[in-house]
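Okay, structure first, notes after.
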Amino acid sequence: MGTVAPNLMEVSATATASVHKENGVVANPPKELDAGALFVLKSQGSWLHCGYHLTTSIAAPALLSLPFALTLLGWVGGLICLALAGLVTFYSYNLLSLVLEHQEKLGHRQLRFRDMARDILGPGWGKYFVGPLQFWICYGAVIACTLLGGQSLKFIYLLSNPDGKMKLYQFITMFGGVTLLLAQMPSFHSLRHINLVSLILCLAFSACVTAGSIYIGHSNKAPVRDYTVKGSAKDRSFGIFNAISIIATTYASGIIPEIQATLAPPVKGKMFKGLCVCYSVIVTTYFSVAISGYWAFGNQAMGTVLSNFMGDEKPLLPTWFLLMTNVFTLSQVSAVTVVYLQPTNEVFEKKFADPKMPQFSIRNVVPRLILRSLSVVVATIFAAMLPFFGDIMALFGAFGCIPLDFILPMIFYNVTFKPSKQSLIFWVNTLIAGVSFLLVGVGAVASVRQIVLDAKTYRLFANM
């Protein structure tokens, strides 16, 4: 099986070169693939598989924080920001796809974000900026998902055993054990069935949250709803940028080129179909959860709407319903965690695997097993040690997610296609990149302020 993959890649490269020759395009000879590209980013998927990967990387349980984002913006501002972020990211990801398709047409298909930065902006951009930034954002997402998985497990435990004495770090360790097994999946493409289940789970827990919010809103347990934005003028100002950062992060991916790399060549048009699958799920889930949650709880909506379901004294929904919702959420988090492990896996494979040996030879399996296991163990330790990691991740998100998903795609497109400075697309791209750059600075300040405000609650291995 390990010897088949290189042959498939050679056939694909030959077929692509033939197509280029027939179309009159002078293509560069295909480069020999390194182990990271050959083993982790196998180019064997369809546009439907791409849709599954995209949905899992974007539509995650972070969307349950959208009602809270609306409390900081109000109805009009919140829905405008939610819709605008969706349009901008859909546009941005399509620009990335067009650049990648153009590079493939020229004969040098780029499989990683850092490859794009290296070839378009220069070697230093890929090696010293985009590569490290993407690596730490994705690995930070793994830590954050591990923490969220542990919190979900603890929530389920306390629902069934309210007087239980187990601590959060114990549940984080359990979730880390599950991730340890899933991390051994050999390639991104091998996650396609897991990510299909993840897509269904996302629809399932979003439907549960929407139904639960509507039920509570119409029941006699409904809180007094107030849709005014709370706080002083200063708090409201910081709240606006905090909400924008939350919404931007829920739409963020950071691994669009790696997902497109899983497509079998030729890739033209396939990414657009995959994005349509993904955004049909996003529109369905994001708006239903955000609107129903904010409608039911008003400015009392918490950081995650599931916390509102617990009420002040007793749960506002039946225990079985809460258990079902959290099981769906927990299961989907495990898929998201493994997806964001792929950039780490790819880096390890590139540095320590031998592309001339079969993928499942002892020479490649042993280092893969050790390094992937080590990366999961380290992420689990950080999640257990820093249960306030969500605040830190918000800061990373401002510095990482916005540049990768809102700024660099615009720059890549303008540098690659060189649209006229009098054209609409040039100024739209420049405007989006400029506004996003300002949001990086303001979002970072707002995140640091939140860390300072919450610092008094920080404690290593806290049982939060």
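The values are calculated or read from the model by the stated rules, or taken from the named source; none is laboratory data. Please read all numbers here as calculations on a predicted model, not as lab measurements. Please note: Cβ atoms are built from the backbone with ideal geometry, for glycine as well, and neighbour counts cover all protein chains shown. Just the protein is used for accessible areas: all its heavy atoms, side chains included, with ligands, DNA and RNA removed. Shrake-Rupley method; radii C 1.70, N 1.55, O 1.52, S 1.80 Å.
When the chain is described by a simple charge dipole with +1 on each Lys and Arg Cβ and -1 on each Asp and Glu Cβ, the residue from 276, 291, 150 located farthest towards its positive end is 150.
For the chain, complete DSSP H runs whose alpha carbons reach 20 Å or more along their own long axis and whose mean Kyte-Doolittle score is -0.5 or higher are 4-22, 66-105, 131-160, 168-182, 192-218, 233-251, 270-297, 319-339, 362-385, 424-454. Short-range pairs are left out: with C-alpha atoms under 8 Å and at least six residues apart, the relative contact order of the chain is 33 percent.
May I ask for the percentage of alpha-carbon pairs in the chain that lie more than 27 Å from each other? Mind showing how you got there, number by number?
Numbers: 58685 of 107416 pairs.
Cα-Cα pairs of the chain separated by over 27 Å account for 55 percent.
Mean sequence separation of contacting Cα pairs (under 8 Å, at least six apart), scaled by the length of the stretch 91-186, corresponds to a relative contact order of 16 percent.
With contributions of -39500 (n - 2.57) from each DSSP H run of at least four residues, the per-residue ellipticity at 222 nm computed over the chain stands at -23500 deg cm²/dmol.
Heavy-atom accessible area for residue 430, with the other protein chains in place and a 1.4 Å probe, reaches approximately 60 Å². For the stretch 147-299, averaging the sequence separation of C-alpha pairs within contact (under 8 Å, six or more residues apart) and dividing by the residue count gives a relative contact order of 34 percent. Each peptide in 252-265, 187-200 gets a packing score, the mean of other Cβ atoms within 10 Å over its residues, and the list from highest to lowest is 252-265, 187-200. Can you give the FRET efficiency to the nearest 0.05 for residue 319 and residue 427, using r as the Cβ-Cβ distance and R₀ = 51 Å? Efficiency at R0 = 51 Å is approximately 0.40.
Using unit Cβ charges (K, R positive; D, E negative) and no other charged atoms, how large, in debye to the nearest 20, is the dipole of the chain about its Cα centre?
Rounded to the nearest 20 debye, it is 300 debye.
Between residue 159 and residue 108, the simple label model (points 7 Å from Cα in the Cβ direction) yields a spacing of 5.2 nm.
At the residue level, residue 365 shows approximately 50 square angstrom of accessible surface with a 1.4 angstrom probe and all protein chains present. With 24 Å as the limit on Cα-Cα distance, the pairs of 127/268; 105/273; 127/351; 167/230; 234/314; 165/314 that go past it are 127/268; 167/230; 234/314. Sorting 93, 227, 139 by accessible area puts them as 227, 139, 93; the probe is 1.4 Å, largest comes first, and only protein heavy atoms count. Computed from the C-beta positions of residue 184 and residue 310 and an R0 of 30 Å, the FRET efficiency is 0.25 to the nearest 0.05. For residue 45, the residues whose amide H sits under 5 Å from its own are 263, 264, ignoring neighbours fewer than 5 places away on the same chain, with H placed 1.01 Å from N.
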